[in-house]
Amino acid sequence: MTTLSSPSGRRPAWLLIAGILLIAANMRAAITSVGPLLDRIAADYRLSSEMSGLLTSLPLLAFGAMSLLAPRLAEKLGSERSLLYGLALLLAGMLVRALPGTEALFAGTALLGLAIAVSNVLLPSLIKRDFPAQIGLLTGSYSVTMSVFAAIASGVSVPLAALPGWGWSRSLLLWALLAALAFAVWLPISLRSKSHPAAVSPQSPARMLRSPLAWRITLYMGLQSLTFYATITWLPVLFHERGFSAASAGWLLMLMQLVSLPTSFFVPVWASRMRSQVPLVAIAGALSLSGYAGLLWGSTSLSLLWITLLGLSQGATISLALTFFGLRTRTAAEAARLSGMAQSIGYLLAAFGPVLLGTLHDRTGSWNPVLAVLLLVSLVVVALGLGAGRPGTISEPDGGSELRSPAGSGKLTGPAR
């Protein structure tokens, strides 16, 4: 078994890994805890459906806005210090969100979205830098941790809000304790890190934007995110209209997220051991296409099967997208640039996807056109993934070839600094 070790003797590997996983635990819980409470929040503040929708889309818009700035922040302050400030901003956002008033609600939500975006972008590059031989293992571990706590937050929000004297505000505020724990663990890691800023990538943002491979990875990330957020937004409504109870529709959505956990973990591990990730892209694509085709043309009695296929595919595609940030770059700084580009555009697409598909349903009065669009988008995701999955790295800063296979074996490793 591969031994995990940190490149710096001043910080134990176990402490750094614990910090990474605690940050991952905070990357979705503050967002997914809102959905089950949205009706109560809207009733208390008399929010329109448009404002309620904005509340759920605001973190994704913040992801898009902040993702391009996070690599610059790391270049000036260092990755560890930037992540520490991100955790502090996350805590501030949660505290502001808990204050009375709609202004505080939306301002706090925007702040925590900006904070989480820093972790979204910088964790893959941190893993690339400090654990170059274990990219798949650690990417899978933090992806699963993120998903598990997202599911827990969704499940316990309503029961917590029902406790005597609590309400939805305290239910949401509880997750500040998890952020505080992550901050406490990450503080010594930040203090022990090198004080000088992270090295600037020799490839400028403009050159990254001119890289066809970077664009394939970016659109792969963006369009798979669109299908995911559109699915979790509208799937319960779709099932409810097909005769399922609201509770059953919610359980099916939870099942979809739970079955994604195995592929979220194992796919990055397998991907990092393969010279080409094309077979994994193809399998994930086949699962996605089968799931959406089943929902569109298959029997409603097989809904459990269609949901399982979608869950497996979604766990695989998001983890592949995250793994590509490390496998298709040569340095941690490049990984941060690529991560920032892909997640900025990706989450902007994800934010608008549910709105546009909801409008399509309203115009047609049917979910079949929506499922047809998701099926077509999934085909495009497969095509992009087949290009992104070929071995190599992004273009050389001196004008070298677009795809450059690493030296040695098929295993992709980067410099540990």
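The values are calculated or read from the model by the stated rules, or taken from the named source; none is laboratory data. Here the structure is a predicted model, which means the values were calculated and not measured. Virtual Cβ from ideal backbone geometry, glycine too; neighbours counted across all protein chains shown. Side chains are part of the model used for accessible areas, which takes the heavy atoms of the whole protein and leaves out ligands, DNA and RNA. Shrake-Rupley method; radii C 1.70, N 1.55, O 1.52, S 1.80 Å.
Of everything in segment 42-71, what is touching a residue at least 24 places away in the same chain (Cβ under 8 Å) and not in a helix (DSSP H, G or I)? Give them in sequence order.
Those that are touching a residue at least 24 places away in the same chain (Cβ under 8 Å) and not in a helix (DSSP H, G or I): 47, 68, 69.
When segment 337-390 is examined, which residues are found to be closer than 20 Å to residue 319 by Cβ and free of Cβ contacts under 8 Å to residues at least 60 places away in the same chain?
Result: 383, single match.
List pairs: first residue in segment 130-156 and more than 30 Å from residue 39 (Cα to Cα) and touching a residue at least 40 places away in the same chain (Cβ under 8 Å), second residue outside any helix (DSSP H, G or I) and of a type in the set (A, V, I, L, M) anywhere in the structure, Cβ distance under 6 angstrom, at least six positions apart or on different chains.
Short answer, once both residue conditions are applied: 132/416; 134/4.
Taking segment 23-41 as the region of interest, how many residues are more than 20 Å from residue 67 (Cα to Cα) and in a helix (DSSP H, G or I)? Spell out the reasoning first.
Pass one, segment 23-41, residues more than 20 Å from residue 67 (Cα to Cα): 33-41.
With the extra rule that they be in a helix (DSSP H, G or I), the set shrinks to 35-41.
Total meeting the criteria: 7.
Go over the candidates 342, 286 one by one and state the one that is buried (at least 24 other Cβ atoms within 10 Å of the Cβ), of a type outside the set (Ser, Thr, Tyr) and assigned to a helix (DSSP H, G or I). If you could, list the steps in order and put the result at the bottom.
Values: 286 fails: buried (at least 24 other Cβ atoms within 10 Å of the Cβ).
The unique qualifying residue is 342.
Among the candidates 337, 330, 275, single out the residue that is surrounded by fewer than 19 Cβ atoms within 10 Å (Cβ to Cβ) and basic (Lys, Arg). Working first, answer last.
Numbers: 337 fails: surrounded by fewer than 19 Cβ atoms within 10 Å (Cβ to Cβ); 330 fails: surrounded by fewer than 19 Cβ atoms within 10 Å (Cβ to Cβ).
Residue meeting the stated conditions: 275.
Working only within segment 292-306, note down all residues that are closer than 17 Å to residue 382 by Cβ and either free of Cβ contacts under 8 Å to residues at least 40 places away in the same chain or of a type outside the set (A, V, I, L, M, F, W, C) (or both).
Matches in segment 292-306: 292, 294.
Can residue 122 be described as open to solvent by less than 30 Å² (accessible area, probe 1.4 Å), within 30 Å of residue 44 (Cβ to Cβ) and not charged (D, E, K, R)?
Values: open to solvent by less than 30 Å² (accessible area, probe 1.4 Å): yes; within 30 Å of residue 44 (Cβ to Cβ): no; not charged (D, E, K, R): yes.
The answer is no for residue 122.
Just for segment 346-372: of the residues that are open to solvent by 50 Å² or more (accessible area, probe 1.4 Å) and among the aliphatic types (A, V, I, L, M), which one is farthest from residue 59 (Cα to Cα)?
In the first step, residues of segment 346-372 are kept if they are open to solvent by 50 Å² or more (accessible area, probe 1.4 Å); the result is 348-349, 352, 355-356, 359-360, 362-365, 368.
From what's left, among the aliphatic types (A, V, I, L, M): 348-349, 355-356, 360.
Values: 348: 10, 349: 13, 355: 15, 356: 17, 360: 23 Å.
Across segment 346-372, the extreme among qualifying residues is 360.
If you check 110, 115, which single one turns out to be out of contact with any Ser or Thr (no Cβ under 9 Å at 6 or more places or on another chain), surrounded by 22 or more Cβ atoms within 10 Å (Cβ to Cβ) and touching a residue at least 24 places away in the same chain (Cβ under 8 Å)? Working first, answer last.
On the way: 110 fails: surrounded by 22 or more Cβ atoms within 10 Å (Cβ to Cβ).
Result of the check over 110, 115: 115.
All but one of (1) open to solvent by 10 Å² or more (accessible area, probe 1.4 Å); (2) touching a residue at least 12 places away in the same chain (Cβ under 8 Å) hold for residue 103; state the number of the condition that does not hold.
Every listed condition holds for residue 103 apart from (2).
In segment 290-313, which residues are at pLDDT 90 or above, open to solvent by 10 Å² or more (accessible area, probe 1.4 Å) and polar (S, T, N, Q)?
Within segment 290-313, 290, 308 qualify.
Mind listing whichever residues of segment 32-64 are modelled with pLDDT of 85 or more and either polar (S, T, N, Q) or open to solvent by 40 Å² or more (accessible area, probe 1.4 Å) (or both)?
Correct list: 44, 45, 46, 61.
Does residue 322 satisfy the condition of being touching a helix residue (DSSP H, G or I) at 6+ places or on another chain (Cβ under 7 Å) and either aromatic (Phe, Trp, Tyr) or closer than 24 Å to residue 390 by Cβ (or both)?
On the way: touching a helix residue (DSSP H, G or I) at 6+ places or on another chain (Cβ under 7 Å): yes; either aromatic (Phe, Trp, Tyr) or closer than 24 Å to residue 390 by Cβ (or both): yes.
Considered against the rule, which asks whether it is touching a helix residue (DSSP H, G or I) at 6+ places or on another chain (Cβ under 7 Å) and either aromatic (Phe, Trp, Tyr) or closer than 24 Å to residue 390 by Cβ (or both), residue 322 comes out as yes.
Starting from residues that are modelled with pLDDT under 85 and outside any loop (DSSP other than H, G, I, E, B), keep the ones in segment 162-205 and report whichever is farthest from residue 78 (Cα to Cα).
Among those that are modelled with pLDDT under 85 and outside any loop (DSSP other than H, G, I, E, B), it is 205.
Does residue 98 satisfy the condition of being over 19 Å from the mean Cα position of the chain (by Cα) and open to solvent by 10 Å² or more (accessible area, probe 1.4 Å)? Please lay out each step first, then the result.
Working: over 19 Å from the mean Cα position of the chain (by Cα): yes; open to solvent by 10 Å² or more (accessible area, probe 1.4 Å): yes.
Judged against the criteria, residue 98 is a match.
May I ask you to say which residue of 258, 280 is modelled with pLDDT of 90 or more, among the aliphatic types (A, V, I, L, M) and either closer than 17 Å to residue 318 by Cα or open to solvent by 50 Å² or more (accessible area, probe 1.4 Å) (or both)? Talk me through it step by step, then tell me what you get.
On the way: 258 fails: modelled with pLDDT of 90 or more.
The conditions single out 280.
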